[in-house]
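Step one of this worksheet: look at the structure below.
The values are calculated or read from the model by the stated rules, or taken from the named source; none is laboratory data. Everything numeric here is computed off the predicted structure, so don't read it as measured data. Please note: Cβ atoms are built from the backbone with ideal geometry, for glycine as well, and neighbour counts cover all protein chains shown.
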Amino acid sequence: MSHGPKRIKIGMSLLFLALFLMSCSKPLEKTPLDDKQINQRAGVSMSAEQEAYPVGTDQITVLLKNKSVEDYYYGKAFSLEKEVDDQWFVVPFEEDVAFIEIAILLESGEETTESIDLSLFKGKLAAGKYRVLKEIAGETLTAEFLIEDN
């Protein structure tokens, strides 16, 4: 009695299962930006309201400051990156995330806050160092913060 065809079926099933599981857990992509491409708008900055937040936090607030003599526009869109081994990686959004396309004025000398919805990203954010990225007047600003275990 030969067990060859049965073993081939089991082997093929395990192979397909492994390929399926690998496709479901894509590794994070490295950021396309380098340090020379961020936080270059003179007089304009963005920072997290708090230095650290507990695991499970759904919302954070960032503070935008314009200490320049120019007025600048920005939008609602943002992205998130996580630092792993001194390198930044893009945190993927859930499926079908979209942002309204509007222009928000950040006047000279003005400070304002923006709410960042962390529930828009895949899975619960694990403990670690993160940064929010927003584009203001064609430049990328970042605000770093920590997610800490309770």
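Name every residue in segment 122-150 that is farther than 20 Å from P54 by Cβ and either part of a strand (DSSP E or B) or among the aromatic types (F, W, Y) (or both), in order of residue number. Break it down into steps so the answer makes sense when it comes.
Taking segment 122-150 as the starting set, the residues that turn out to be farther than 20 Å from P54 by Cβ are 133-142.
Matches in segment 122-150: L133, K134, E135, I136, E139, T140, L141, T142.
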Practice prompt. Please specify each residue of segment 94-121 satisfying the condition of being loosely packed, with under 10 Cβ neighbours inside 10 Å and either in contact with a Phe, Trp or Tyr (Cβ under 9 Å, 6 or more places away or on another chain) or in a helix (DSSP H, G or I) (or both).
Written response: A103
Worksheet item: Just wondering, is there one or more residues in segment 98-110 that are within 11 Å of the chain's Cα centre (by Cα) and of a type outside the set (K, R)?
Response: no
Worksheet item: Looking at segment 131-139, is at least one residue among the basic types (K, R), surrounded by 18 or more Cβ atoms within 10 Å (Cβ to Cβ) and in contact (Cβ under 8 Å) with a residue 12 or more places away in the chain?
Response: yes
Worksheet, complete the sentence: Of (1) at pLDDT 95 or above; (2) surrounded by fewer than 10 Cβ atoms within 10 Å (Cβ to Cβ); (3) closer than 23 Å to G123 by Cβ, V69 satisfies every one except (3)
Worksheet item: Which condition number does S13 fail, the rest of (1) surrounded by 10 or more Cβ atoms within 10 Å (Cβ to Cβ); (2) in a loop (DSSP other than H, G, I, E, B); (3) at pLDDT below 60 being met?
Response: (2)
